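Take a look at the structure below.
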Amino acid sequence: MTKIKEQDIISAAEKGMDEFVQLFADAINASIGGELTAENMATLNGDQITLLAYVIFRDEVMNGGFIQLIHNGYGPFIFDNPFAKAMRLWGARQLTNLVYDGKRLYEQHKARLTAECTVEEFMALFEQFPEFDDLDDAFIEMEEEVTEAVAVYIDNHIDRFADVEK
């Protein structure tokens with residue numbers, strides 16, 4: 001199980017919800033060697049996997065939108081798993097609908113969005129698929145509220161994410 005020092009949790013919480021969420025995600029990542037694989041995923045529980053999925057989702061969408069998320073190979077991890085349902089259960093209901101909207105577009109365009117391409121061809125995807133722009137914008141607007149819901153869920157269920165060491 002992932003271990004986190006109580007003082008690190010207190011310190012991260014004092015810095016804000018982003019740091020709090022990231023502390024747990026980093027600790028879980030460290031416990032699996034820094035890379036989520038099919039093999040080490042079996043060592044994590046559903047909440048830990050969902051947290052890693054959220055951080056991946058957030059980072060990818062904030063940096064390059066849904067197109068980057070999909071192109072970088074995270075489409076199946078986000079859209080073919082119960083990530084949206086978990087976010088609803090964690091209190092991030094607004095993200096659930098956004099992920100379902102993203103899944104519809106992903107299913108329509110995944111062959112083109114996941115194909116090998118040059119940097120120029122990748123950048124052209126943003127012009128070729130403007131329907132993702134609204135999803136990107138919507139997430140940017142809700143990100144703080146969603147991250148807060150994730151932080152509250154972690155705080156209320158810390159034992160599902162890590163063993164706290166004194």
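The values are calculated or read from the model by the stated rules, or taken from the named source; none is laboratory data. Predicted model only: the values in this text are computed from it and were never measured. Positions of Cβ are backbone-derived with ideal geometry, glycine not excepted, and every protein chain shown enters the neighbour counts. For accessibility, only protein heavy atoms count, side chains too; no ligands or nucleic acids. Shrake-Rupley method; radii C 1.70, N 1.55, O 1.52, S 1.80 Å.
Anything in the range 142-166 that is among the charged types (D, E, K, R) and more than 20 Å from ILE70 (Cα to Cα)? List them, or say none.
Within the range 142-166, GLU144, GLU145, GLU148, ASP155, ASP159, ARG160, ASP163, GLU165, LYS166 qualify.
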ASP159 being open to solvent by 50 Å² or more (accessible area, probe 1.4 Å), in a helix (DSSP H, G or I) and under 25 Å from LEU23 (Cβ atoms): yes
Unmet criterion (only one of (1) modelled with pLDDT under 95; (2) under 14 Å from GLU143 (Cα atoms)) for ILE56: (1)
Residue in the range 75-87 that is open to solvent by 10 Å² or more (accessible area, probe 1.4 Å), acidic (Asp, Glu) and farther than 19 Å from ALA162 by Cα present: yes
Residue among THR2, THR96 that alone is open to solvent by less than 80 Å² (accessible area, probe 1.4 Å) and at pLDDT below 95: THR2
Those residues of the range 24-45 which are open to solvent by 40 Å² or more (accessible area, probe 1.4 Å) and assigned to a helix (DSSP H, G or I), in sequence order: ASP26, ASN29, ALA30, SER31, ALA38, GLU39, MET41
Meets criteria (within 13 Å of the chain's Cα centre (by Cα) and open to solvent by 20 Å² or more (accessible area, probe 1.4 Å)) for MET17: no
Residue list for the range 14-27, restricted to those being under 17 Å from ASN156 (Cα atoms), touching a residue at least 12 places away in the same chain (Cβ under 8 Å) and not charged (D, E, K, R): MET17, PHE20, VAL21, GLN22, LEU23, PHE24, ALA25
Residue match in the range 129-151 (condition: part of a helix (DSSP H, G or I), of a type in the set (S, T, N, Q) and without any contact (Cβ under 8 Å) to a residue 40 or more places away in the chain): no
